[in-house]
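Student: Dumping the structure here so I can ask a few things about it.
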Amino acid sequence: MEICNLKSRRALLQGMACVALGALAFAALPAAALSGQAASNAARPVGTIKSISGNNIVLTTDNSGDVTVVVQEAAKLVRVEPGQKDLKEAVPIALKELLPGDRVLVRGQLGEDGKTVLATAVIAMKKASIAEKQAHEREEWRQGTAGLVSSVDPAANSIHITQPGIGEKKTVTIHLTKDTVVRRYAPDSIKFDDAKPATLEQIKSGDQLRARGTRSADGSELTAAEIVCGTFRNIAGTISSIDTSANTITLQELATKKSVTVRIIADSQVRKLPLPMAQRIAARLRGPAGDSQAPSGSGGASPNTTQGQRSAGTQASGAGQPVSGESGRSAGGGGDFQQAFNRMPAATLSDFQKGDAVMIVATEGGPNGAPSVITLLGGVEPILQASPNSSASSILSPWSLGDASDGEAGNP
């Protein structure tokens, strides 16, 4: 449901480590360490150590396969920590301290065979340190915030987001600093590692956004270390046809009455709500008046089961308390629904038929292609009946960005 999987996120973090290594090499590597290199055959491979034998390192590079690095006797070897911005605190190391899995940037000369680098300098990051940083950032994403952009204030360097869901709406102000990293999803990709560097000016009202950073005590503000955002479509409608050979669904959108074709891809998350859960969500969308009118035993709730409605997401899935970083939001809201959704068995196109109602979060779609489904949720007839203006489809929006730490594709 979120927009980046763990594999993609790991690749991005490793890429960030490479950028940091490269910046360090340019900014602070002692000139003596680079002396003797000819510009015509200078080499600077970046990658992960595959194996080490003596003074030879087999390096799996990020761009050109494996290369053999021959560490010269006078080569300088240092270790830095992920996120370190210069070499002032770099620690000199011995070749024997390098291990498979470590990330390194090598400076040296390319051998005549084009596959060997004679290294005069090696800057390394420990595999364990990178894993620790990944775990830390996953926790920061989990404790961050997500929602739909309601406004952007360039003068104040801030963004206002709303967190729509079942019931209350909450507004959060995101503050940017000079160090805030901003990324934007590609128009037809749900992979986090396809997200490109962006600026505040590129963020617009209606975008989905997720941020990690330092939250205020009441959760109404967050000073962002990193932001990822993008424009995605919320579609609610009834299926008019299914093409299993092309993995596409055509539906009539409730809001526009137009025909829309979307495609299911390998990373799409497809689920069907159990009827009791859909009915409880519908009761909450109708509000107190709808609750009091719902007949007992119909899947709606009688007046004396208000507390049960508030914990609908928990009852349906066995989920516990709201996830960290979502405190103050009632059970059955974004956090618990995310957990419930993830625990539902995956559905396939064969589980749907013409006339079924669905709610979808999809990419914008490329100029020559149908939008790609990020999240498709079936079994939503009671929800759309409770919200006939189809605004119910927007309740998926913050959840599609969800917790940027675990699970499937679509997660940041």
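The values are calculated or read from the model by the stated rules, or taken from the named source; none is laboratory data. Quick caveat, the model's predicted, so the values are computed rather than measured. Cβ placement follows ideal geometry from the backbone for every residue including glycine, while neighbour counts extend to all protein chains displayed.
Student: Give the residue that is farthest from Leu349 (Cα to Cα), with candidates limited to residues of region 252-278 that are β-branched (Val, Ile, Thr) and not in a loop (DSSP other than H, G, I, E, B).
Tutor: At the first step, the residues of region 252-278 found to be β-branched (Val, Ile, Thr) are 256, 260-262, 264-265, 270.
Retained after the next criterion (residues that are not in a loop (DSSP other than H, G, I, E, B)): 260-262, 270.
Values: Val260: 16, Thr261: 14, Val262: 12, Val270: 9 Å.
Per the stated criteria, the residue is Val260.
Every residue, every condition in (1) over 35 Å from the mean Cα position of the chain (by Cα); (2) basic (Lys, Arg); (3) closer than 19 Å to Val58 by Cβ, yes or no:
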| position | (1), (2), (3) |
| --- | --- |
| Lys76 | yes, yes, no |
| Lys88 | no, yes, no |
| Leu95 | yes, no, yes |
| Pro100 | no, no, yes |
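Student: Kindly provide the set of residues from region 217-264 that are buried (at least 23 other Cβ atoms within 10 Å of the Cβ) and over 30 Å from Thr173 (Cβ atoms), ordered by number.
Tutor: Residues satisfying the conditions are Gly237, Ile249, Leu251, Val262.
Student: Does Ile249 count as outside any loop (DSSP other than H, G, I, E, B), in contact with a strand residue (DSSP E or B) (Cβ under 7 Å, 6 or more places away or on another chain), in contact (Cβ under 8 Å) with a residue 40 or more places away in the chain and not small (Gly, Ala, Ser)? Walk me through how you get there before you give the answer.
Tutor: On the way: outside any loop (DSSP other than H, G, I, E, B): yes; in contact with a strand residue (DSSP E or B) (Cβ under 7 Å, 6 or more places away or on another chain): yes; in contact (Cβ under 8 Å) with a residue 40 or more places away in the chain: yes; not small (Gly, Ala, Ser): yes.
Yes; evaluated as a whole, the condition is true for this residue.
Student: Just one of (1) hydroxyl-bearing (Ser, Thr, Tyr); (2) outside the structural domain of Arg286 (by TED's automatic domain parsing); (3) farther than 25 Å from Ile281 by Cβ trips up Ser150, so point out which.
Tutor: It fails just one condition, (3).
Student: Which ones in region 178-207 are under 18 Å from Ala156 (Cβ atoms) and in a helix (DSSP H, G or I)?
Tutor: Initial filter on region 178-207 (under 18 Å from Ala156 (Cβ atoms)): 178-180, 182, 199-205, 207.
Answer for region 178-207, where residues must be under 18 Å from Ala156 (Cβ atoms) and in a helix (DSSP H, G or I): Leu200, Glu201, Gln202.
Student: Right, another one. Given (1) in a strand (DSSP E or B); (2) in contact with a Gly (Cβ under 9 Å, 6 or more places away or on another chain); (3) more than 29 Å from Ala386 (Cα to Cα), identify the lone condition not met by Cys229.
Tutor: Unmet condition: (2).
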